[in-house]
């Protein structure tokens, strides 16, 4: 089982280079960074599944610049997006940025994408909120072409361009792994699973139990068979709060989200996830706000059996 760290590397916290070096030295396989380029003032009180918007969402640095810095300070650590909000970015620039980062890092990038959930953000970036999935999928088709074709052209509903050279190409072949970053224990995930089978190199949901993962990966196997794809080649990753493993502390805003959580033995829970087909667990830790983050990381590594 691969173990990664998912957390918010806020701009005012310890240098991301130092945190990445620590995470690598503790034996974690990867770190995962999300993004919200801006938080509209009108969305300050946004709520999702009964959980208020975490205050540090307004303090998230750019993940790709952060990853580039961290990549130069490490040698083995992989870097994933958790997630990149694709409709808020220009797809041509995004393709070039991720491919360049893959080259700089020596092929250590994993690209998980999402559509965003804060309605007020869509207006800031100039797309209809109710069209965000269509925009995202259109952009992703274009990005895949830009990563794989020397003279790429695309004519879509939301983005079009004539034959162009867009270099460099990713170091990883045929391209950077693309994970569908969607789905959780409070949503009906059938459409997401079909999307994974149709166009993803893997799936990155969150907060699903081993029993839920068993059921949903069974569905995904069926959809892969229908699409003529090999399920065994998919990267199945899952975000799980650290406190589910009895590691770390409840986040200040997390009482509503985790009020019924019962920690279990970390090794037993990891074994359950592995048995149902999960390849990688992203251990969800509290925001890296100050030097206490280093102890948080060490405690998590000990709790997960890495040291």
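Annotations for the structure displayed:
Every residue, every condition in (1) more than 25 Å from residue 2 (Cβ to Cβ); (2) more than 18 Å from the chain's Cα centre (by Cα); (3) touching a residue at least 40 places away in the same chain (Cβ under 8 Å); (4) outside any helix (DSSP H, G or I), yes or no:
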site: 70; (1), (2), (3), (4): no, no, yes, no
site: 94; (1), (2), (3), (4): yes, no, yes, no
site: 101; (1), (2), (3), (4): no, no, no, no
site: 136; (1), (2), (3), (4): yes, no, yes, no
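- Candidates in the range 40-60 are the residues that are in a loop (DSSP other than H, G, I, E, B) and over 20 Å from the mean Cα position of the chain (by Cα); of these, the one that is farthest from residue 121 (Cα to Cα) is 50.
- Out of 233, 186, one residue alone is surrounded by fewer than 21 Cβ atoms within 10 Å (Cβ to Cβ), out of contact with any helix residue (DSSP H, G or I) (no Cβ under 7 Å at 6 or more places or on another chain) and within 21 Å of residue 280 (Cβ to Cβ). It is 233.
- Residue 10 being at pLDDT 95 or above, over 27 Å from residue 144 (Cα atoms), surrounded by 22 or more Cβ atoms within 10 Å (Cβ to Cβ) and within 20 Å of the chain's Cα centre (by Cα): no
- Note on the range 80-92: among residues that are in a strand (DSSP E or B) and farther than 21 Å from residue 156 by Cβ, the one that is nearest to the chain's Cα centre (by Cα) is 81.
- Any chance residue 32 is in a loop (DSSP other than H, G, I, E, B) and within 18 Å of the chain's Cα centre (by Cα): no
- Check on residue 131, in a loop (DSSP other than H, G, I, E, B) and closer than 28 Å to residue 235 by Cα: no
- Test result for residue 107, on the phi > 0 side of the Ramachandran plot and not in a helix (DSSP H, G or I): yes
- Test: residue 16 is in contact with a helix residue (DSSP H, G or I) (Cβ under 8 Å, 6 or more places away or on another chain), touching a residue at least 24 places away in the same chain (Cβ under 8 Å) and closer than 20 Å to residue 109 by Cβ: yes
- Exclusive hit being out of contact with any helix residue (DSSP H, G or I) (no Cβ under 8 Å at 6 or more places or on another chain), modelled with pLDDT of 95 or more, buried (at least 19 other Cβ atoms within 10 Å of the Cβ) and more than 26 Å from residue 298 (Cα to Cα), set 200, 228, 218: 200
- Subset of the range 165-183 (residues that are surrounded by fewer than 15 Cβ atoms within 10 Å (Cβ to Cβ) and touching a residue at least 40 places away in the same chain (Cβ under 8 Å)): 167, 168
- Subset tally (residues that are surrounded by fewer than 16 Cβ atoms within 10 Å (Cβ to Cβ) and either touching a residue at least 24 places away in the same chain (Cβ under 8 Å) or in contact with a helix residue (DSSP H, G or I) (Cβ under 8 Å, 6 or more places away or on another chain) (or both)) for the range 19-37: 2
- Selection from the range 241-273 of residues that are in contact with a strand residue (DSSP E or B) (Cβ under 9 Å, 6 or more places away or on another chain) and at pLDDT 95 or above: 269, 270, 273
The values are calculated or read from the model by the stated rules, or taken from the named source; none is laboratory data. Since this is a predicted model, take the numbers as computed values, not measurements. Don't worry about glycine lacking a Cβ; one is built from the backbone with ideal geometry, like all the others, and counts go over all protein chains shown.
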